[in-house]
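S.K.: Dropping a structure here in structure tokens format, bear with me for questions.
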Amino acid sequence: MPLASLEEIKGKLGSAIGVSSWIEVAQRDIDTFAAVTGDHQFIHVDPKAASKTPFGGTIAHGFLTLSLLSQMAAGVMLLPETTRMVVNYGFDKVRFLAPVRSGKRVRGHFTLAGIEEKRPGQWQLIHSVTVEIEGEDKPALQADWIGLIFT
């Protein structure tokens, strides 16, 4: 993750901070996610059956798309230069807006929506994230992601 001073990060409040690289969501990734989570619903893992649905083929689990936020954030989210540790705190909002079809590419658009020092050396950052699906008008998801940074 890119490093910046706390003052530089505070100066980005309310601003777009970056767009991640594209990530392909391959069927093998969907199958692996199904194996790990135990969610083997046919719309994810059975191309033949899924082809008969309005999706026209298999789609990624919404939680798989959500889990890709960590990878997307790695090259985009700004961290204070003095960061010792970063942890997920949760989400204020997550909405799955459109399915990600197998083989499609996604990327995240990040905006710094909040920054607050909760305790000395402990910062809460909220990022508004929209995950775009390549070639589609509707995003896959929108979320308000909360992280805690220890400096």
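The values are calculated or read from the model by the stated rules, or taken from the named source; none is laboratory data. Since we're looking at a predicted model, the values are computed, not measured. Counting neighbours? That spans all protein chains shown, and the Cβs are built from the backbone with ideal geometry, glycine included.
S.K.: Out of curiosity, is Pro80 more than 22 Å from Ser21 (Cβ to Cβ) and surrounded by fewer than 19 Cβ atoms within 10 Å (Cβ to Cβ)?
M.R.: Judged against the criteria, Pro80 is not a match.
S.K.: Are there any pairs, at least 6 apart or on different chains, whose C-beta atoms fall under 6 Å, with the first in the range 75-100 and under 13 Å from Leu125 (Cβ atoms) and the second among the β-branched types (Val, Ile, Thr) and in a loop (DSSP other than H, G, I, E, B), and if so, which?
M.R.: Pro80/Thr151; Thr83/Thr151
S.K.: Can you run down the residue pairs with Cβ atoms below 7 Å, 6 or more apart or on separate chains, where the first is in the range 28-47 and at negative phi and part of a loop (DSSP other than H, G, I, E, B) and the partner is surrounded by 13 or more Cβ atoms within 10 Å (Cβ to Cβ) and not charged (D, E, K, R)?
M.R.: Every condition considered, the pairs that remain are Asp39/His61; His40/Ala34.
S.K.: Can Phe96 be described as among the aromatic types (Phe, Trp, Tyr) and either in contact with a Cys (Cβ under 8 Å, 6 or more places away or on another chain) or under 12 Å from Asp144 (Cα atoms) (or both)?
M.R.: Judged against the criteria, Phe96 is not a match.
S.K.: Related question: Restricting attention to the range 129-146, and to residues there that are assigned to a strand (DSSP E or B) and in contact with a Gly (Cβ under 9 Å, 6 or more places away or on another chain), which single residue is nearest to Leu97 (Cα to Cα)?
M.R.: Leu141
S.K.: Which of the residues spanning the range 48-84 are of a type in the set (A, V, I, L, M), farther than 18 Å from His109 by Cβ and touching a Gly at 6+ places or on another chain (Cβ under 8 Å)?
M.R.: Hit for the range 48-84 is Ala50, nothing else.
S.K.: A further question on this structure: Any chance the range 87-110 includes a residue that's at pLDDT 95 or above and touching a His at 6+ places or on another chain (Cβ under 7 Å)?
M.R.: yes
S.K.: In a strand (DSSP E or B) and aliphatic (A, V, I, L, M): is that true of Ala113 in this structure? Give the derivation first.
M.R.: On the way: in a strand (DSSP E or B): yes; aliphatic (A, V, I, L, M): yes.
Answer is yes for this residue.
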